[in-house]
Each structure stands twice: as structure tokens, then as C-alpha cells.
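Below is one structure, written out as C-alpha cells, with a few remarks after it.
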Amino acid sequence: MALKHLTLRQLEVFQEVVRQGSVSAAARHLHLTQPTVSIQLRKLAESAGAPLLESRDGRFQATEAGQALYLAAGDMLGRLQALGDELQHLQAGTRGQLSLGLVTTANYVLPKILGAFARAYPDVELSLTAGNRGQILERFRRQADDLYIFSHPPEVAEVVATPFLRNPLVMIAPPDHPLAGQSVLEPAALTGQRLLVREPGSGTGMALRAWLEQQPVGLTQTLQVASNEGIYSSVAGGLGLAVVSEHILRSRKEPVAVLPVRGFPLAGSWYLVHHKRRPLSPVGQVFYRYLREQLPVLEPDYALSPQEG
Ligand code: PGA
């Protein structure tokens, strides 16, 4: 017996002959000539070391050995078919894993988008890590994730960064703050105010510091608070002013006032980022396309078109 010499093609032919009960019908069905089918059957029987078919009342039927082979052929070809389907899904990016690293501000909008994506692609396994810019930069350096979302992409040459969603930064104050309710505020009017700032490593904090450097503002009192949530609660509670992503206003209930400071909101966007040498996986590409197609629907006020991006 030399089973290891049998071929998948022989198994398919044999399966069809048993199903049809006839060599000529199987040949027609498989678009083969009758002699080809007969040769395949003969080789298969040689490999099996036993007759596989017997003719009864003018029809071919599987012998006992043939039945055992018929069942095994069904298993093997069925498994192969399933593997083919699986590979097709993986290649099309409709199945597989996608790990995302995102900065904390993106956490206010991304879960909604990811929820819609997960419903559209239930076989994609998503994993999500949020952190401040410094923490996500560190993950980017280690290439810990497939795709990243930053508002200030890593400043290295090997980056592919595409802006996809606006992330304006607004200045907020407690609702009863004396500066609230003005129609416009010059930056100098902020002098002497207490400003809550994010921790080192925060992209939001970085944008605020860059703005402050350009202003004639004497903000001597600053207080460091290490999260968007903490900043927002502190402002709502009356502790001072702060600069936050406009998106946080949509998720928090406690009232705050948005100050009309000249130059605000500070323009910014989130970027989809990946490493040049780590091309997007098929799932990554599907996600990328999905964002492009669905963001104008899911986030019409903030989505950037590919031309803008
Ligand atoms: P972060 O978020 O402030 O938590 O670093 C990044 C950003 O939006 O720039």
C-alpha cells in the first residue's frame, strides 16, 4: 500500500464516480475524458492496494475498502475546502486580527466607529490600547500594533500618516467663570488665570504649550492633571481653565463654558499611522477603507475627505 502517492485529484474523481455510479457520468461532470477517469481510478486502487469499486447491475458501487476511502476523501476534501474559504477571508481582510494603538483623545470617537466596524466585520478580532502620545509613541517604536492613531504623528522618516478626522482643541472654563459669555477674548485676557495642563507626554499638552509660547500670556499658575477626564472634571468643578479636544464635550454631561479665545479652536486632526516597512495587513487595509467610506456618515462634522487628508 502506498497511500502517500495518491493525489487529491484522484480522490475527487473517485468521489464523483461513487456519487454518479458511472465512469462516463463522472467524466462528463468533471469535464474529463472517460479514459482519464479510468486511469485515475486505477492509480488510486494501486495506491490503496485493494479494489475500490465493483460493478453491480450496471452501476459502480464502492467496495468495503472503497467506502472507507470515500469517507476519508470527504474528510480531506472538506477540510481543504474549509481551508480555502479561510484563506480567502484572510486575504480579503474580512477575518484576522487588528491591533490598534491610539491616543487618549481619540478614545472619545473611536469606540463608536469600531463598534460599527465590528458589526460589519464580525470575524475580525480587534484589540485596542489607548495611552497618551508618549505611551503610544513607545508602542510605535516597538511596532507593537498594526495601526496607530495620533494627532501628532511620530517625527521620523519611516512613517505613513494620513489625517482622517478633525480634532479641534477648545479652551474651556467653569460655566460661571467671569471670562465665560464674552463674544471674543484676546489671549492677553487670560493672564493670571490658573490653567490645568496635561502631563508630559500628552499631545494635547504639547499643542497647548506650543500655542502658549507664541502668546503674550502670563499664565503663571498651572496645575498638572494626568487625564482628559480629570481635566474636564476639574474645570467643571471650578478649578481653572484647560484646553481639551472638542470631542470630549460630546461625551460629558457636566456643563463647562467654551471660551472664545482668539486663535481657538486650535486646528488639529487625527492621523492613521503605520510604519513604512510594515505594510498594512489585509485586515488593516479593510479597516482603512472602512474609515474612509463610513466616517462621512458616522462623523459628518469632523470627517476629512481623502483630498483634505
Ligand atoms: P494625548 O492625546 O493628549 O492623551 O496625548 C493625544 C492627542 O490628541 O494629541
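The values are calculated or read from the model by the stated rules, or taken from the named source; none is laboratory data. If you're wondering where the values come from, they're calculated on a predicted model, not measured in any experiment. Heads up, the Cβs are rebuilt from the backbone with ideal geometry, glycines too, and the neighbour counts pull from every protein chain shown.
Every residue, every condition in (1) in contact (Cβ under 8 Å) with a residue 60 or more places away in the chain; (2) more than 14 Å from the ligand (Cβ to nearest atom); (3) under 12 Å from the mean Cα position of the chain (by Cα); (4) crowded, with 20+ Cβ neighbours inside 10 Å, yes or no:
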{"residue": "A106", "(1), (2), (3), (4)": "yes, no, no, yes"}
{"residue": "P153", "(1), (2), (3), (4)": "yes, no, no, yes"}
{"residue": "V156", "(1), (2), (3), (4)": "no, yes, no, no"}
{"residue": "V159", "(1), (2), (3), (4)": "yes, yes, no, no"}
{"residue": "L165", "(1), (2), (3), (4)": "yes, no, no, yes"}
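Here M171 fulfils each of the conditions (1) out of contact with any strand residue (DSSP E or B) (no Cβ under 7 Å at 6 or more places or on another chain); (2) surrounded by 19 or more Cβ atoms within 10 Å (Cβ to Cβ); (3) closer than 21 Å to G230 by Cβ apart from (1). Kindly check whether there is at least one residue in segment 131-146 that is over 17 Å from I248 (Cβ atoms), β-branched (V, I, T) and at pLDDT 90 or above. Yes, some residue in segment 131-146 is over 17 Å from I248 (Cβ atoms), β-branched (V, I, T) and at pLDDT 90 or above.
Taking segment 84-104 as the range and being among the small types (G, A, S) and away from the ligand (no atom under 16 Å from the Cβ) as the test, the residues that pass are G84, A92, G93, G96, S99.
Residue-by-condition table, conditions (1) away from the ligand (no atom under 13 Å from the Cβ); (2) modelled with pLDDT under 90; (3) under 22 Å from F150 (Cα atoms):
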site: R194; (1), (2), (3): yes, no, no
site: V197; (1), (2), (3): no, no, yes
site: S202; (1), (2), (3): no, no, yes
site: A207; (1), (2), (3): no, no, yes
site: Q221; (1), (2), (3): yes, yes, no
site: Q224; (1), (2), (3): no, no, yes
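Within the set V283, V235, V273, the sole residue that is in a helix (DSSP H, G or I), under 25 Å from the mean Cα position of the chain (by Cα) and either more than 16 Å from the ligand (Cβ to nearest atom) or of a type in the set (A, V, I, L, M, F, W, C) (or both) turns out to be V283.
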